[in-house]
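All remarks here apply to the structure that follows.
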Ligand code: CDP
């Protein structure tokens, strides 16, 4: 089999993580949730008593990041998501995390990466690019359920407000703003069950592979 790189981008709780995991299983490819890298930088900086607005301090943490730390459940919390989005706006942090992500995408058989700038910056050459969206209300509902089942006491309205702030910050920043690549296929999961979203994602990748097969490179 030839190399297959799949870029899965989109806003918070759009379903991109679930879709990336499923695509990894379908094609037997390693999956990187790049949001965890930014979450790990934000959490480590806060634990060290640093300021999330301090670009140099955040970049220093990003350069020391150990991929072995990405399993920490603390990275899944609401405050970790907020911290991630704040450090992710610093160009120096993004630069520090670039090589690791490009190396992951460069593996022999390919890889699946999910994030905000995979199709635009990390792997612009990826033959298959999805941009996964859903309405803010549906995304807030999904995230609220996830946080509740992880034991976080937070109201739906607060989660919806978080999502709106994060969308605005992620798409409004100068450094690698969240946006669909010109050649990404949009997948709106607002009214889709997980199996239906997974099927739709597989079809998008199959169509991309068929096109790619016709014009390799
Ligand atoms: O799971 P959720 O979509 O809430 O967030 P995430 O994918 O873990 O990403 C957390 C934050 O990291 C985002 O709000 C972005 O600010 C940032 N991020 C980014 O800038 N670029 C990426 N490739 C991935 C995440």
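Taking 0.36 nm per residue of sequence separation and removing the Cα-Cα distance, the residue 67/residue 182 pair yields an extension gain of 38.4 nm. Calculated on the Cα set of the stretch 4-209, radius of gyration then Dmax: 16.1, 48 Å. Each of 131, 38, 27, 156 has some number of other Cβ atoms within 10 Å of its Cβ, and from fewest to most they run 156, 27, 131, 38.
The sum of -39500 (n - 2.57) across all DSSP H runs of n ≥ 4, divided by the residue count of the chain, sets its helix-only mean residue ellipticity at 222 nm to -16500 deg cm²/dmol. Measuring between their Cα centroids, the stretch 50-79 and the stretch 126-178 lie 19 Å from each other.
Within the chain, DSSP assigns beta bridges of which about 0% are antiparallel (rounded to the nearest 5). Residues 26, 18, 193, arranged from fewest to most other Cβ atoms within 10 angstrom of their Cβ, appear as 193, 26, 18.
Residue order for 33, 9, 69, fewest other beta carbons within 10 angstrom first, comes to 69, 33, 9.
Values in this text are rule-based calculations from the coordinates and carry no lab data. Keep in mind the model is a prediction, meaning the values are calculated, not measured. In this analysis, Cβ positions are derived from the backbone assuming ideal geometry, glycine residues included, and neighbour counts consider all displayed protein chains.
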